[in-house]
Structures are given as C-alpha cells and as structure tokens.
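K.L.:
Okay, here's the structure, questions in a sec.
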Amino acid sequence: MIRLETPRLILRRWREEDVAPMAAVNADPEVMRWIRDGSVRDERQTRDGIRAWEGEWEARGFGLFAVEIRSTGELAGFTGLSVPSYLPEVLPAVEVGWRLGRAHWGRGLATEAAAAAVRFGFEERGLERIVSIAQVGNDASERIMAKLGMRLDRETVNPTGGRRVRVFALSADRYVPTAR
C-alpha cells in the first residue's frame, strides 16, 4: 500500500470513512468554484469519484491520494496524479491536482501535498512530464504550480465546460526535488 509522508501530511489511499469529509469539501461552493463548471457534489457523487480514483490506482499505478493531517488524522482533501482526459489536446499527459477544504487553505498544505505527488511521479513512477491545469483567474493554484517549478505551457479552452484554462508543465529533466 502506497503511503507518502511530509512534515505535516500523510498521503494515502482512500478508506470508507473518507467519504463524508470529502463530500463536505465537495459541497462547498467556494472550494468548487474553479472545478469544471463550479457545481458542488453530493455524497453519492463523492463516493463515485473516490471509487473511480481508486480504479485509476489499480489501472495505472498512480492516482489521487487522500490527504490527512498528521497531527489530527483529519481528512483535508486530495492531491495526486491523474490523466486529464477532459482536455484531449494535452494528451498523452499526467496531471498533478489538489483539492483541500477551506479550513486548510493559506498554510502551504496544498503545495506540500502536491510537491510530494510530483516527487512520487518523477522518482517512483518514472514520469517524463507532469502538467497541471487551472482555470484562468485561479491565481492560488497558479502560485502553487510556480512553487512546484512548473512553467506556463499554453492557454486553451476546456471543452467540457467552455472555460479558459492554463496548462503548466514540468519535465523530469527540469525537476528539482523539494525538501522531504
């Protein structure tokens, strides 16, 4: 079972008891503002999402981690790697993404978690390139991408929602590991 640890976080596979706290994250309109069309998700949709994320682990050997706060055991949200099939023009590609509950914003946790996922992708899975995609205007996510060492690759339109997005990328030869 894959488990990554950072100074403040545990990144691990999903458990049944993660459904309700992740559903609470997904039900917050401010959290979901920059996700696809901005729609919130209920518990059933969250459970279906977690099931799909776990399926990605089985199929690809990587996926989205549950992000747990080490000091409390609280589920903060997710980070990890996925294939951005919703944006065919960047394929083949692997995307690093994250979503944390609002209570966990502004403390560098998303950057800490995403850095661990990027390190996992390059060092453990041998990926050659990792992208990250954010809707235009999502400055907080773009700041995280910059901290990860990513550079703007292109601006385009997400065909599933019609919103403008920016694609940032980092290649393995430009990757500089961050402190563990």
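K.L.:
Only Lys, Arg, Asp and Glu count, each charged at its Cβ (+1, +1, -1, -1), so figure out the dipole size of the chain about its Cα centre, rounded to 20 debye.
P.N.:
Roughly 360 debye for the chain.
K.L.:
Moving to a separate point now. To check you understand DSSP bridge types, tell me what percent of the beta bridges within the chain (both residues inside) are antiparallel, rounded to 5.
P.N.:
If I count the DSSP bridges inside the chain, around 95 percent turn out antiparallel.
K.L.:
Between Ile10, Gly61, Trp98, whose Cα lies farthest towards the positive end of the dipole of region 1-125 when Lys and Arg beta carbons carry +1 and Asp and Glu beta carbons carry -1, centred on the Cα centre?
P.N.:
Farthest towards the positive pole: Ile10.
Each reported figure results from applying straightforward, stated rules to the coordinates on display, with no laboratory input. Since the structure is predicted, the reported quantities are computational estimates derived from the model, not experimental observations. Glycine gets a Cβ as well: all are built from the backbone with ideal geometry, and neighbour counts include every protein chain shown.
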